[in-house]
Amino acid sequence: MEEIKTHYRTCNLCEAMCGLEIKHQNNTIISIKGDKKDALSKGHICPKATALEDLYLDKDRLKTPIKRTEKGWIAISWEAAYDEIETELKRIQKQYGKNAIGSYRGNPTVHNTGLTLFGASFLQSIGSNQKYTATSVDQLPHHFASLMLFGHYLLLPIPDIDRTDFMLIMGGNPAVSNGSIMTAPDFSNRLKAIKKRGGKVVVIDPRFTETSKIATTHHFIKPGTDALLLLSLIHVIFKEKLSDLGHLEAHTNGLETVQEIAKNYEPQKTAKLIGFTSEEIEQLARDFATSKTAVCYGRMGLSTQEFGGLCQWLVNILNCITGNLDTEGGALFTKPIIDIVGISKITGKTGSFNTRKSRVHKLPEFTGEFPVSTLADEILITGEGQLKAMITIAGNPVLSTPNGKQLEKAFESLEYMVAIDIYLNETTKYANIILPTTSGLETPLYDLVFHQFAIRNTAKYSEALFEKTEEQRHDWEVLKELTKRFSGKKNPMNLEQTLDYMLQFSSYKEPKLAVSTLKEHPHGLDFGALKSQFPERLFTSDKKIALAHPLFIEDLERLNNKLNVWQTEQTSEYPFSLIGRRHLRSNNSWMHNSKRLVKGKERCTLLINSKDANALHLKEGQIVKVTSDVGQVKLPIELADTIMQGVVSIPHGWGHHRNGINLEIAQQHAGVSINDLTNPKNIDMLTGNADFSGTKVKIEGV
Ligand SMILES: Nc1nc2c(c(=O)[nH]1)N[C@H]1C(S)=C(S)[C@@H](COP(=O)(O)OP(=O)(O)OC[C@H]3O[C@@H](n4cnc5c(=O)[nH]c(N)nc54)[C@H](O)[C@@H]3O)O[C@H]1N2
Ligand SMILES: Nc1nc2c(c(=O)[nH]1)N[C@H]1C(S)=C(S)[C@@H](COP(=O)(O)OP(=O)(O)OC[C@H]3O[C@@H](n4cnc5c(=O)[nH]c(N)nc54)[C@H](O)[C@@H]3O)O[C@H]1N2
Ligand code: SF4
Ligand SMILES: [Mo]
């Protein structure tokens, strides 16, 4: 019997980067607990951490390549898989051109070092400009706003939650999601600490969420109207002369323009449409602006709406004009040891917009990718430039992007498809070959992305806990081999060498940074709280913040037109607004195969206000039919007063009843997919991001 050993690593399931302490013996896990000495998380974990064991042991998780044949899926060797993929994709390139191969990269791409580091060069070797990612069903408006305002799409403001006196949370539920574009492990206690030091937390959300429960105040808001609320808050701040840019006074452009346009949004005009009173808006504006420090944080619910781009712009404006941008207690910018933003001084990759348009719907490119809402049409609609093959990497777009059913048809029609994924699921079942990679505890991890979004500058490298088996490959090994086959060039570096190479550019010199140094610090290294970095850190050519970028100003016309529509809104065939919700024991679509995470009360329910349910004569637990303009699902209802009247909610990532998948436990808890109702035509026309917060639906008892 081997002695019991302790392994320290970072959990890679969500953005919180919690440190784990794992006791193990003879390749068996004895316990997974929070690492109290972790530089960032100080012992916090959530229930998903222990599911890393389930992921490791999951019998359904793939270990060797599989190929779809007429007689079903068969295991094949790595060599045979690479050979076939090379032959088939090169055939397609020859016949239709390089742009006939599309790619979609999903959320775990940014949670796995190998996928983050080696994915881009693989796609470069394929040479297609048809790239898609989960960004355009998530945070694209954040990147868009940062590119326009600060000149770099990754220069994202992070709320300084540990020092702020006032936090305004719009469209985020970090008590459950554990924070996003705000790596803040143990968010709930950090929030409670704001209140303990005499500060306030205000949540604005169509649902009284788990975050609302621990906040000071919660306000309902009509889905999709946040841009109006933000404009009205800004209106009041200017009108009452509460604005003060502090140290950024001399480093902005366009302040007068913003001030001028805000004049049009007096609360008396907007309040009713938003679901507030004008007094409430005025009070909120005053509270925010007069607080010693304050920060507005707008997340998913603000990005995935019709005016997502305007929302994220206005969040920055609100912080900036109250002296809370780039300041302690406000929103700050990080400086991680591997500084992807800083490195762009060398690479020049600061982001791009609208350098070309998508073929079918003429949607703008953003930093090399097109909005995923247009993917199905790019495959289904014939013509020059049509997609004939797809590569998916760690993504499940059938469940996670609008109108999953249409995407299924599209995938079915492809000539060839490859999936780099660990499961045979709703998306990968359409692949000809699935290439599985090591996952979770079998992988080394340096969080390239989330150190960039964390509330403190820390650094940590985790070694793999378990050796991969003979048959398994790491994601970076798979990507390297494929890259070699398509580029003809061999990359001499492995994962650690690549990280070492990047660490040479670090601005931190003490201690001298290399993977070996990081290995000596298994609990991570702390480089302190975030600091003010403007104007030096700005990437705009004049080193000023472009407060009134013309793209935003022009887009206001769209909002104003909508304002008129809202003012005259008649009764509709689809009277309810459908929003999503997350659960602490779910992780998008792919963690439902863990028994300990899915057990208990059914979670994929339609949440409806009891008054609305009464009016429709619906009873708790009853099955209802939910219909939108693209589809229909049936599921049980759950009555609650925590959701605004006229709004209903279904969590995303479910719908495992589809044929041909191999996820035994998930199939027993199938649920339905909200994205069988969402419409890819609903997008934020400014940024191209999907707009699924507030999908119009009707509800009938069955
Ligand atoms: N209606 C609605 N739709 C939404 C959302 C919503 O709130 N409402 N949320 C959106 C958001 S924020 C996001 S990020 C997207 C997520 O959208 P996706 O990224 O498309 O979906 P995931 O469910 O994260 O799927 C992850 C895939 O990666 C695979 N995988 C997991 N770990 C690994 C690994 O280590 N290696 C490899 N190779 N593969 C792995 C899984 O098997 C799964 O197939 O969904 C979006 N869709
Ligand atoms: N447990 C768990 N954690 C996760 C994930 C998970 O699936 N499960 N997913 C991870 C991922 S990929 C991401 S991107 C993050 C997302 O992290 P968050 O942004 O915190 O995500 P949500 O919990 O979806 O919160 C969105 C909130 O917006 C509200 N909302 C909807 N429409 C509107 C609107 O029009 N206006 C306003 N003001 N609010 C609105 C919703 O009610 C919801 O409370 O979470 C990550 N963490
Ligand atoms: S909060 Fe996120 S990082 Fe922390 S243990 Fe849970 S899933 Fe892992
Ligand atoms: Mo996400």
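If you take the residues of the stretch 548-569 that are touching a helix residue (DSSP H, G or I) at 6+ places or on another chain (Cβ under 8 Å) and at pLDDT below 95, which of them is nearest to Thr687 (Cα to Cα)?
Going residue by residue through the stretch 548-569, those that are touching a helix residue (DSSP H, G or I) at 6+ places or on another chain (Cβ under 8 Å) are 548-549, 551-553, 555-556, 559, 563, 566-567.
Those still in the list that are at pLDDT below 95 too: 563, 566-567.
Values: Leu563: 19, Trp566: 22, Gln567: 25 Å.
The extreme case among them is Leu563.
Among the helices (runs of 4 or more DSSP H) contained in the stretch 594-702, which hold 1 or more residues that are without any contact (Cβ under 8 Å) to a residue 40 or more places away in the chain and over 24 Å from Lys59 (Cα atoms)?
610-615
What do you reckon, is Asp162 surrounded by fewer than 24 Cβ atoms within 10 Å (Cβ to Cβ), in contact (Cβ under 8 Å) with a residue 60 or more places away in the chain, within 25 Å of Ile321 (Cβ to Cβ) and among the acidic types (Asp, Glu)?
Numbers: surrounded by fewer than 24 Cβ atoms within 10 Å (Cβ to Cβ): yes; in contact (Cβ under 8 Å) with a residue 60 or more places away in the chain: yes; within 25 Å of Ile321 (Cβ to Cβ): yes; among the acidic types (Asp, Glu): yes.
It is true that Asp162 is surrounded by fewer than 24 Cβ atoms within 10 Å (Cβ to Cβ), in contact (Cβ under 8 Å) with a residue 60 or more places away in the chain, within 25 Å of Ile321 (Cβ to Cβ) and among the acidic types (Asp, Glu).
Of all the residues that make up the stretch 356-373, how many are among the small types (Gly, Ala, Ser), within 21 Å of Asn403 (Cβ to Cβ) and in a loop (DSSP other than H, G, I, E, B)?
Qualifying residue count, the stretch 356-373: 1.
Name the residue, out of Asp186, Asp160, that is under 21 Å from the mean Cα position of the chain (by Cα), more than 21 Å from Asn588 (Cβ to Cβ) and within 16 Å of ligand 3 (Cβ to nearest atom).
Asp186
Hey, does the stretch 525-532 have a residue that's assigned to a loop (DSSP other than H, G, I, E, B) and in contact with a strand residue (DSSP E or B) (Cβ under 9 Å, 6 or more places away or on another chain)?
Looking through the stretch 525-532, at least one residue is assigned to a loop (DSSP other than H, G, I, E, B) and in contact with a strand residue (DSSP E or B) (Cβ under 9 Å, 6 or more places away or on another chain).
Is one or more of the residues making up the stretch 32-40 touching a Phe, Trp or Tyr at 6+ places or on another chain (Cβ under 6 Å), near ligand 3 (Cβ under 10 Å from one of its atoms) and among the acidic types (Asp, Glu)?
No, there is no match, as no residue in the stretch 32-40 is touching a Phe, Trp or Tyr at 6+ places or on another chain (Cβ under 6 Å), near ligand 3 (Cβ under 10 Å from one of its atoms) and among the acidic types (Asp, Glu).
Would the stretch 124-147 turn up any residue that is more than 16 Å from ligand 2 (Cβ to nearest atom), assigned to a helix (DSSP H, G or I), of a type outside the set (Ser, Thr, Tyr) and without any contact (Cβ under 8 Å) to a residue 24 or more places away in the chain?
No: zero hits.
Let's see how each residue does on (1) at pLDDT below 95; (2) in contact with a Pro (Cβ under 9 Å, 6 or more places away or on another chain):
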| position | (1), (2) |
| --- | --- |
| Phe534 | no, no |
| Thr571 | yes, no |
| Ile579 | no, yes |
| Ser589 | no, no |
| Gly631 | no, no |
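Is it the case that some residue within the stretch 227-243 is away from ligand 4 (no atom under 16 Å from the Cβ), on the phi > 0 side of the Ramachandran plot and among the charged types (D, E, K, R)?
yes
Mind listing whichever residues of the stretch 581-601 are surrounded by fewer than 18 Cβ atoms within 10 Å (Cβ to Cβ) and closer than 22 Å to Thr695 by Cβ?
Passing the criteria: only His583.
Which strands (runs of 3 or more DSSP E) does the stretch 3-113 wholly contain that include 1 or more residues that are buried (at least 20 other Cβ atoms within 10 Å of the Cβ) and away from ligand 1 (no atom under 16 Å from the Cβ)?
19-25, 28-34, 101-105
Do we have Leu168 as away from ligand 1 (no atom under 16 Å from the Cβ), in contact with a Cys (Cβ under 6 Å, 6 or more places away or on another chain), closer than 23 Å to Gly323 by Cβ and of a type in the set (A, V, I, L, M, F, W, C) here?
yes
How many residues, within the stretch 474-500, are crowded, with 21+ Cβ neighbours inside 10 Å and assigned to a loop (DSSP other than H, G, I, E, B)?
1
Conditions first: (1) surrounded by 18 or more Cβ atoms within 10 Å (Cβ to Cβ); (2) closer than 30 Å to Ala100 by Cα. Phe453 passes all but one, so which condition is the exception?
(2)
Test Val630 against the criterion of being more than 22 Å from the chain's Cα centre (by Cα) and within 14 Å of ligand 2 (Cβ to nearest atom), and give yes or no.
In short, no.
Looking for whichever is in contact with an Asp or Glu (Cβ under 7 Å, 6 or more places away or on another chain), of a type in the set (Val, Ile, Thr) and modelled with pLDDT of 95 or more here; the options are Ile22, Ile66, Ile29. Which one fits?
So the residue among Ile22, Ile66, Ile29 that is in contact with an Asp or Glu (Cβ under 7 Å, 6 or more places away or on another chain), of a type in the set (Val, Ile, Thr) and modelled with pLDDT of 95 or more is Ile29.
Please verify whether the stretch 393-401 includes one or more residues that are in contact (Cβ under 8 Å) with a residue 12 or more places away in the chain, touching a Pro at 6+ places or on another chain (Cβ under 9 Å) and of a type outside the set (A, V, I, L, M, F, W, C).
yes
For the stretch 221-247, give me each residue that is in contact with a Phe, Trp or Tyr (Cβ under 8 Å, 6 or more places away or on another chain) and surrounded by fewer than 20 Cβ atoms within 10 Å (Cβ to Cβ).
Result: His247, single match.
Between a residue in the stretch 319-348 that is under 20 Å from Leu233 (Cα atoms) and any residue that is surrounded by fewer than 23 Cβ atoms within 10 Å (Cβ to Cβ) and modelled with pLDDT under 95, which pairs come within a Cβ distance under 7 Å, given they are 6 or more apart or on different chains?
Sorted first by the residue in the stretch 319-348, then by its partner, the list stays empty.
Looking only at the stretch 628-643, filter to residues that are β-branched (Val, Ile, Thr) and in contact with a strand residue (DSSP E or B) (Cβ under 8 Å, 6 or more places away or on another chain); which one of those is farthest from Glu408 (Cα to Cα)?
Thr642
So Gly368 clears everything in (1) surrounded by fewer than 19 Cβ atoms within 10 Å (Cβ to Cβ); (2) in contact with an Asp or Glu (Cβ under 7 Å, 6 or more places away or on another chain) except one condition, right? Which one?
Of the numbered conditions (1) surrounded by fewer than 19 Cβ atoms within 10 Å (Cβ to Cβ); (2) in contact with an Asp or Glu (Cβ under 7 Å, 6 or more places away or on another chain), the odd one out for Gly368 is (2).
Can you report the number of residues in the stretch 195-252 which are part of a loop (DSSP other than H, G, I, E, B), of a type in the set (S, T, N, Q) and within 16 Å of ligand 2 (Cβ to nearest atom)? Full working, then the answer.
Of the residues in the stretch 195-252, the ones part of a loop (DSSP other than H, G, I, E, B) are 197-199, 205-206, 208-209, 215-216, 220-225, 240-245.
With the extra rule that they be of a type in the set (S, T, N, Q), the set shrinks to 209, 216, 225, 243.
Filter again for within 16 Å of ligand 2 (Cβ to nearest atom), leaving 209, 225.
Of the residues in the stretch 195-252, 2 are part of a loop (DSSP other than H, G, I, E, B), of a type in the set (S, T, N, Q) and within 16 Å of ligand 2 (Cβ to nearest atom).
Exactly one condition in (1) buried (at least 24 other Cβ atoms within 10 Å of the Cβ); (2) more than 16 Å from ligand 4 (Cβ to nearest atom); (3) closer than 22 Å to Thr334 by Cα is false for Gly172; which is it?
Failed condition: (2).
Residues of the stretch 344-355 being within 30 Å of Tyr501 (Cβ to Cβ) and either in a strand (DSSP E or B) or at pLDDT below 95 (or both), which ones? Before the answer, list the steps.
Taking the stretch 344-355 first, the residues within 30 Å of Tyr501 (Cβ to Cβ) are 344-353, 355.
Scanning the stretch 344-355 gives Ser344, Lys345, Ile346, Thr347, Gly348, Lys349, Phe353, Thr355.
The values are calculated or read from the model by the stated rules, or taken from the named source; none is laboratory data. Predicted model only: the values in this text are computed from it and were never measured. Using ideal geometry, Cβ is built from the backbone for each residue, glycine included, and neighbour counts are taken over all protein chains shown.
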